[in-house]
């Protein structure tokens with residue numbers, strides 16, 4: 001009986017070992033280029049923005065199609081209470097608390113004080129400006145005819161845009177760098193968290209050689225696309241090139257580490273045990289919630305709420321196409337992985 005179990009374990013061992021290297025290579029090959037290509041270095045570059053929209057679609061579909069359903073299914077077999085949704089909610093709440101805490105911790109204190117004073121001064125200036133407009137309108141009603149309403153509307157729009165994107169807390173301040181740090185670290189954490197789980201799941205498959213081969217191919221693409229998403233985010237951070245490469249490499253090897261752990265546990269691992277379902281389901285749910293938050297708020301909302309999309313139809317269509325393409329890629333991969 002022991003010899004039979006050993007033969008079953010050995011039947012897929014070579015493919016699982018190959019997966020350790022193939023998946024890591026795929027993640028590196030896709031994650032490293034954005035760090036060195038100039039088109040990805042500017043936050044206003046159409047290529048970089050399209051890549052971020054594409055990444056948002058990938059991460060969102062990864063969470064909603066690949067991870068969350070697995071968590072809900074595993075935990076529903078343990079208890080009747082919808083605890084799978086609770087774990088997803090927990091992941092989202094963890095991200096909210098983590099992002100808020102890191103932003104408060106890393107933001108320059110002087111910038112916070114300046115932001116408060118700036119906001120107060122803006123309110124006073126706005127009140128004075130309104131009063132001035134009323135006085136001017138009362139004193140010179142004919143002057144309004146020389147300035148069409150459209151020009152006034154354009155000025156208001158430009159002012160709001162400048163305050164939102166270039167004022168304190170916007171892209172032109174130190175807070176933009178802080179947000180880039182927070183996004184990079186939280187995305188790295190979310191990607192690493194679930195990649196280890198994926199690796200363990202592959203490492204413990206001992207009986208179906210064809211399944212392992214299919215998963216190997218699918219996961220090379222899967223982890224490669226996710227690595228591309230991480231690379232596009234890291235490319236916009238003020239980190240050194242060495243640190244960016246290290247962060248991509250850390251992500252790239254986590255699935256391989258998970259596979260190695262799975263191979264070590266394969267002889268004693270029982271996927272159908274209650275403990276296994278609870279652990280995997282909980283970890284999947286939390287990581288799924290984290291990735292939902294990252295994709296919706298830090299990637300998709302960040303790009304699609306920018307004011308220039310209102311006047312640039314091609315850019316808006318390009319970002320929308322990138323978002324849909326990223327989601328479609330992960331949806332198709334779900335057929336195999």
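Here are the numbers for the structure shown:
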{"read-out": "Test: residue in segment 302-310 that is touching a helix residue (DSSP H, G or I) at 6+ places or on another chain (Cβ under 8 Å), surrounded by 17 or more Cβ atoms within 10 Å (Cβ to Cβ), in contact (Cβ under 8 Å) with a residue 24 or more places away in the chain and part of a helix (DSSP H, G or I)", "value": "yes"}
{"read-out": "Segment 219-237: number of residues that are crowded, with 24+ Cβ neighbours inside 10 Å and not in a helix (DSSP H, G or I)", "value": "1"}
{"read-out": "Test: residue in segment 255-277 that is part of a helix (DSSP H, G or I), without any contact (Cβ under 8 Å) to a residue 24 or more places away in the chain and over 21 Å from the mean Cα position of the chain (by Cα)", "value": "yes"}
{"read-out": "Test for residue 39: is it in contact with a helix residue (DSSP H, G or I) (Cβ under 6 Å, 6 or more places away or on another chain) and at pLDDT below 90", "value": "yes"}
{"read-out": "Subset of segment 25-59 that is farther than 16 Å from residue 302 by Cβ and buried (at least 22 other Cβ atoms within 10 Å of the Cβ) - its residue that is nearest to the chain's Cα centre (by Cα)", "value": "31"}
{"read-out": "Residue 22 being more than 19 Å from the chain's Cα centre (by Cα), under 24 Å from residue 309 (Cα atoms) and part of a helix (DSSP H, G or I)", "value": "no"}
{"read-out": "Residue satisfying condition, being free of Cβ contacts under 8 Å to residues at least 40 places away in the same chain, surrounded by fewer than 22 Cβ atoms within 10 Å (Cβ to Cβ) and in a helix (DSSP H, G or I), within set 189, 211, 216", "value": "211"}
{"read-out": "Meets criteria (touching a residue at least 60 places away in the same chain (Cβ under 8 Å) and within 21 Å of residue 201 (Cβ to Cβ)) for residue 89", "value": "no"}
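The values are calculated or read from the model by the stated rules, or taken from the named source; none is laboratory data. Computed from a predicted model, the values in this text were never measured in an experiment. Glycine also receives a Cβ, built like all others from the backbone with ideal geometry; neighbour counts cover every protein chain displayed.
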